Amino acid sequence: MDPEPHKPVAPVTGGERLGSLDLMRGIAVLGILLANITGFAHVDVAYYWPPALPDGGTEADRMVWLAQFVVVDGKFRGLFTLLFGAGLVMFFERAGGAERAVILQVRRLGWLALFGMTHFFLLFRGDILFSYACGGLVALLFLRMEAERLLALGVIWALVGGALQSMAYLTPALVELGSQAASGDVLTYYQAFWQDQVSEAADQGRLMAGGSYGEILRYRVAEESHLLANYANYALFETIPLMLVGMGLYRCGIYAPTREGVRHRALAWAGVVVGLGLNLAAGLWVWSLGFPPYVTQLAFFGLSNLANLPLLLGGAWLLAHWAARPHDIWLTERLGQAGRMAFSNYIGTSLVMVLVFHGWAGGQFGQLDRLELLLVVVMGWLMMLRFSHLWLTRYRQGPLEWLWRCLTYWRRFPLRRSAQPVSE
């Protein structure tokens, strides 16, 4: 147990919370469900490649894919990563930069890695928590860096990471487009490699649609464990640099903005417009070519990472300034509550979606097109908003937030409110 629980290093209390961060987290966790819904409902390649949907997808599927590519995919995960970086600095600065705070952070991230692995194996292979834990451990090395240096390093690192990701897909994409430098043997190799992926996805789809939970779990352990290492590696390209940017933005004060920050509004809007425009151009280009698989991956995993950076920087600034204003409508209150329970909502959503889509449960795997999946997303949003509100009227924290807090400090904290507010 923690030998000195009375020392300054302690969890954030309700009065110390930044409401703007909670509101932004709520928006991010709802957006992550929208981004992940295809991964819950279909084989992995359908997440980024529309022809993998049943019967090759419809025109509506492609339109939804384009909208998500431009506005959703990578954006809400990126926003959540920025906020995670801000949280690292908040934890550290509340302790005055104490060495003990760093030790607690390492412990906290170690538990997060365990949560992430459990989530990966038991619920959803698209887990981000393990990557956050790995990336956070590296980001701790930069905690004492000034805001301007954090921003500069994070932006440069993210640009280099996006460029390297693009380069990884550039050669097969050029071959696919008919590069004069490519021989027929090279084209045959890439075509065969893609067919192997499609065949593997078909096997995966049959398992998810018709297998028992035990069979799915055994497959994940035996055939997909290596993906955790891939997620840790991917942290080098996206997670760590965006955490550094989030740390720098927090130290710049954007989550508690002042009037002096208004002069950056035009620059923030310019970043949003540029990012959306670049994503739209890349998405339309892929659509016009008929979604060739390697070109689609180049756009989805490479070019979009570059386009997302100005969009995230501008969007985070605008969203933070909006979130810091007084709000008197029920939706912003509910979003803030969902943000306070972002961890529980993220894991809880995966549990619900498993029960909806796995063949042994709801049996909807591979059945719904992208347009129909939007209805499932809306239902998931309503559940998150309602559950968060009902839970927080009775308890101080979400269930997983409370458990994570207790494990981090190695002591039991009270969960139930002493005086329960009146529920609606």
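The values are calculated or read from the model by the stated rules, or taken from the named source; none is laboratory data. Quantities reported herein were computed from a predicted structural model and do not represent experimental measurements. Glycine gets a Cβ as well: all are built from the backbone with ideal geometry, and neighbour counts include every protein chain shown.
The residues listed here are L170, L153, L143; of these, the one that is surrounded by 13 or more Cβ atoms within 10 Å (Cβ to Cβ), farther than 30 Å from R100 by Cβ and not small (G, A, S) is L170. For region 358-383, a residue qualifies if it is aromatic (F, W, Y) and within 30 Å of L109 (Cβ to Cβ), and exactly one does: W381.
So which residues in region 335-351 are hydrophobic (A, V, I, L, M, F, W, C), buried (at least 19 other Cβ atoms within 10 Å of the Cβ) and part of a helix (DSSP H, G or I), if there are any at all? Residues satisfying the conditions are L335, A338, A342, F343, I347. The condition (being among the β-branched types (V, I, T), at pLDDT 90 or above and either touching a Leu at 6+ places or on another chain (Cβ under 6 Å) or farther than 21 Å from L351 by Cβ (or both)) is satisfied by just one residue among V12, V45: V45.
Pairs linking a residue in region 150-170 that is closer than 20 Å to G275 by Cα to a residue that is polar (S, T, N, Q) and in a helix (DSSP H, G or I), with Cβ atoms under 6 Å and 6 or more positions apart or on different chains, are G162/N305; Q165/N305.
Restricted to region 307-335, and to residues there that are out of contact with any helix residue (DSSP H, G or I) (no Cβ under 7 Å at 6 or more places or on another chain) and of a type in the set (D, E, K, R), the residue that is farthest from R25 (Cα to Cα) is D328. Every listed requirement among (1) within 21 Å of L355 (Cβ to Cβ); (2) crowded, with 22+ Cβ neighbours inside 10 Å; (3) among the hydrophobic types (A, V, I, L, M, F, W, C) is met by L79 save one, (1).
Of all residues in region 102-115, those being buried (at least 21 other Cβ atoms within 10 Å of the Cβ) and small (G, A, S) number 0. Residue-level check: of (1) under 18 Å from the mean Cα position of the chain (by Cα); (2) surrounded by fewer than 21 Cβ atoms within 10 Å (Cβ to Cβ), D55 misses just (1). Determine which single condition A307 fails, assuming it passes every other condition in (1) without any contact (Cβ under 8 Å) to a residue 40 or more places away in the chain; (2) over 29 Å from V64 (Cα atoms); (3) of a type in the set (A, V, I, L, M). The number of the failed condition is (2). Residue count for region 353-394 under the criterion of being farther than 29 Å from G211 by Cβ and either surrounded by fewer than 14 Cβ atoms within 10 Å (Cβ to Cβ) or in contact with a strand residue (DSSP E or B) (Cβ under 6 Å, 6 or more places away or on another chain) (or both): the result is 3. Considering G261, G253, G277, the condition of being at pLDDT below 95 and loosely packed, with under 15 Cβ neighbours inside 10 Å is satisfied by G253 alone.
On the basis of being free of Cβ contacts under 8 Å to residues at least 40 places away in the same chain, surrounded by fewer than 19 Cβ atoms within 10 Å (Cβ to Cβ) and within 26 Å of Y190 (Cα to Cα), does W330 make the cut? When the stated conditions are applied, W330 does not pass them. Taking R417 as the residue in question, decide whether it is charged (D, E, K, R) and in contact (Cβ under 8 Å) with a residue 40 or more places away in the chain. In short, no.
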